[in-house]
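**Q** My questions all concern the structure below.
The values are calculated or read from the model by the stated rules, or taken from the named source; none is laboratory data. The model shown is predicted, which means the values in this text are computed figures rather than measured ones. Protein only, heavy atoms only, side chains kept; ligands, DNA and RNA dropped before computing areas. Shrake-Rupley method; radii C 1.70, N 1.55, O 1.52, S 1.80 Å.
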Amino acid sequence: MNSLAKLTTREAQIAELFAWGASKKYIAGRLFVSERTVENHARNIYEKIGCNKVNELSAWWFCTKFNISFDLSPLKQRIVAFVMLLLIVPTFINDSSALYALRSRTATTRTCRVSRRKSDSDSDIDITM
């Protein structure tokens, strides 16, 4: 990836929104342009920085924004990732909807077995759990 790539103002805006996980449709609505325009800018951004995927664009943006070297050792990469995780997690915990999602439990269902005895009357139904 090209760490010295120079983006136009609009390309920088779009790259930042992609880095934070925005969709093309959301970016188009927020910047009052068409989705096709966002696609064209994204293509130019990918060409300038030398990547092919939005994940690579996101990594490039965060590395250039926070002055993180592109060639860190695996241990340093894990330390930087852990520190960034520690910075991001408290924002999710303070958000009530995220806290609710963390605390929600999955419902368990019981299986009931209904068996009929040989007789045809309805009073002879046996339900076991």
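**Q** For the range 42-79, name all the residues that are of a type in the set (A, V, I, L, M) and under 19 Å from the mean Cα position of the chain (by Cα).
**A** Listed by number, the residues that qualify are ALA42, VAL54, LEU57, ALA59.
**Q** Moving on. Please report, ordered by residue number, the helices (runs of 4 or more DSSP H) entirely within the range 12-129 with at least 1 residues that are within 22 Å of ASN2 (Cα to Cα) and either open to solvent by 50 Å² or more (accessible area, probe 1.4 Å) or modelled with pLDDT of 75 or more (or both). If you could, list the steps in order and put the result at the bottom.
**A** Details: elements: 24-31, 35-49, 54-65, 74-94, 96-103.
In the range 12-129, the matching helices (runs of 4 or more DSSP H) lie at 35-49, 54-65, 74-94.
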